[in-house]
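Okay, structure first, notes after.
The values are calculated or read from the model by the stated rules, or taken from the named source; none is laboratory data. Please read these numbers as outputs of a predicted model, since none were measured by experiment. Note: ideal-geometry Cβ built from the backbone for every residue, glycine included; neighbour counts use all protein chains shown. To get the accessible areas, we keep the full protein, side chains included, count just its heavy atoms, and leave off ligands, DNA and RNA. Shrake-Rupley method; radii C 1.70, N 1.55, O 1.52, S 1.80 Å.
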Amino acid sequence: LPTDLLRKTTDPKKRKELKELLPYVTFSGIFSSRANDRLIERSNYFCADLDHVGGLKEINDVEKTIGDNYNPAMSFVSPSGDGVKVVFLIDPEAGNHLVFFHSIKNFIKQKTGREIDDQCKDISRACFLCHDPLVVTSDPGLLDQGFLNKYLPKPDPLINVGDTINQKMSNPSFSKSI
C-alpha cells in the first residue's frame, strides 16, 4: 500500500514525493482550483491536523479526549503515521473559516494540550488521504454558535492608551526622538 511505503521511508524528500501521490480532499469547500480565491461553495466541514502526536496509543488518547467533548464526523491517522486528522461538522452560518479555525484550535489546546497545524486556517488546504483501517467515524455533533461562544479566544483587554503614552513621554530617549 502507498501509505505503508510512505511510513517506512525515512528520506524526507522521498516521503514528500510519496505523500504528493496520495489523493486529497479539501474538506472546507468546493473550489474551481485549489486556491482560497477559487472557492465556489463552503462546506459544513473543518479538518484539524495534529502533527507529531506519537504512536497509536497517543493518537487514540487524543481522539477519545476530543470525542468525549464533541463527536467529530471522523478522525484518522495522518499519512505520516504519527499525527491525526479530525474532521468536524460545522455550521458555516455561525462563523467564517478563520473563526472556526481559532475556536477549534483553542478547543483542542484546552482539551488535549496539543496544537493544530496553523495551515488549517487556509480554507483551500489539501488533506491527503491514506489507508487507515482504524478510522473513527461517528454521528457528528454540530459545532455551532454555542461552540464558537465557548471556544473563540477573547481579545486581550485594552491597555490604557493614556498610561502608555505618558510612560513613553516620560522616557528620556523617547522624548528626544520626537
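Considering only Pro140, Ser75, Ser103, the residue lying farthest towards the positive end of the dipole of the range 49-157 is Ser103, judged by Cα position with unit charges set on Cβ.
Cross-linked pairs Lys105/Lys150; Lys16/Lys111; Lys85/Lys105; Lys64/Lys109: Cα-Cα separations exceed 19 Å for Lys16/Lys111. Once C-alpha pairs closer than 8 Å and six or more residues apart are averaged by separation and normalised to the residue number of the chain, the relative contact order reads 27 percent.
Pairwise Cα distances in the chain exceed 28 Å in 35 percent of cases. Put simply, when 127-138, 28-39 are sorted by average Cβ atoms within 10 angstrom per residue, most first, you get 127-138, 28-39. Shape of the range 1-75 from its Cα gyration tensor (a ≥ b ≥ c, root eigenvalues): rounded if a/c is under 1.5, otherwise prolate when a/b > b/c, or oblate? Because a/c hits 1.5 or more and a/b fails to exceed b/c, the range 1-75 counts as oblate.
What does the net charge come to around Arg114 if you take all other residues with beta carbon closer than 12 Å to its beta carbon, with K and R at +1 and D and E at -1?
Once all neighbours under 12 Å are counted, the net charge is -4.
Measuring only protein heavy atoms, the 1.4 Å probe finds Asp91 accessible over about 50 Å². Each of the peptides 111-122, 7-18 was scored by the mean count of other Cβ atoms within 10 Å over its residues; in descending order, highest first, they stand as 111-122, 7-18.
Within the listed set Tyr151, Tyr24, Tyr45, the residue fluctuating most in the Gaussian network model of the chain (springs between alpha-carbon atoms under 10 angstrom) is Tyr24. Summing charges over all other residues whose Cβ lies under 12 Å from the Cβ of Asp91, with Lys and Arg as +1 and Asp and Glu as -1, gives -1.
On a full-extension model of 0.36 nm per residue, what is the gain between Asp118 and Asp144, subtracting their alpha-carbon distance, rounded to one decimal in nm?
7.2 nm
Pop out the carbon and sulfur fraction of the accessible area of the chain as a percent, whole number, probe 1.4 Å. Here it works out to 54 percent.
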